[in-house]
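As structure tokens, the structure follows; a few thoughts come after it.
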Amino acid sequence: MVLEIIYGIIVCVGAIQFMHGGVLILFGYPSAYSNYLEGFYMKEPKRLSDSVFNLYFWITISIGYFTFKKASLKYGFWKVKLFYGIGWVISLFLYLFVFIPIFTYLFPID
């Protein structure tokens, strides 16, 4: 039962990261969506709720957001869409056909 929950959490977190990355491909950076995602992260959290949102940010948003932001500041608009889109597709295939089978092997669901 616990292994099924761990497996489910890992798969859901990965799916949320891919969803945020896909929406960033559509809207770009800077955009209203990237500003929305950036709002979850506080550099120096003073309250417990800010710390909780930081944890949520690091678990579900950080990879997609920071990689897109860094690429967007380094390259032009269309290069970012092309490079990030190709990387998104490759990582999706890796996630679906490499990591999920490994997780299924490590955490068998009977």
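The values are calculated or read from the model by the stated rules, or taken from the named source; none is laboratory data. The shown structure was predicted, so the numbers you read here are calculated from the model rather than taken from an experiment. Using ideal geometry, Cβ is built from the backbone for each residue, glycine included, and neighbour counts are taken over all protein chains shown. The protein model used for the area step is the full one, side chains on, heavy atoms only, and it has no ligands, DNA or RNA in it. Shrake-Rupley method; radii C 1.70, N 1.55, O 1.52, S 1.80 Å.
Points to keep in mind about this one:
- Shown for the chain: lysine pairs separated by 8 or more places, or found on different chains, whose C-alpha atoms are under 26 Å apart, numbering 8.
- Note on V23 and F66: with the Förster distance fixed at 22 Å, the Cβ-Cβ geometry gives a FRET efficiency of about 0.90.
- Under a model in which nothing but the beta-carbon of Lys, Arg (+1) and Asp, Glu (-1) is charged, the chain shows a dipole of about 580 debye around its Cα centre.
- Once the 1.4 Å probe is applied to the protein heavy atoms, the chain comes out at 69 Å² accessible per residue.
- Here P(r) over Cα pairs in 10 Å bins from 0, in percent was computed from the coordinates, and among (i) 15, 52, 31, 2; (ii) 13, 38, 31, 16, 2; (iii) 14, 42, 31, 12, 1 the match is (ii).
- The relative contact order of the stretch 26-110, computed from alpha carbon pairs under 8 Å that lie at least 6 residues apart in sequence, is 23 percent.
- The S51 and I10 beta-carbon pair, evaluated with R₀ = 22 Å, returns a calculated FRET efficiency of approximately 0.45.
- Within the accessible area of the chain (1.4 Å probe), percent carbon and sulfur: 76
- Label-point gap, in nm, between I100 and W78 - each point 7 angstrom along Cα→Cβ: 3.4
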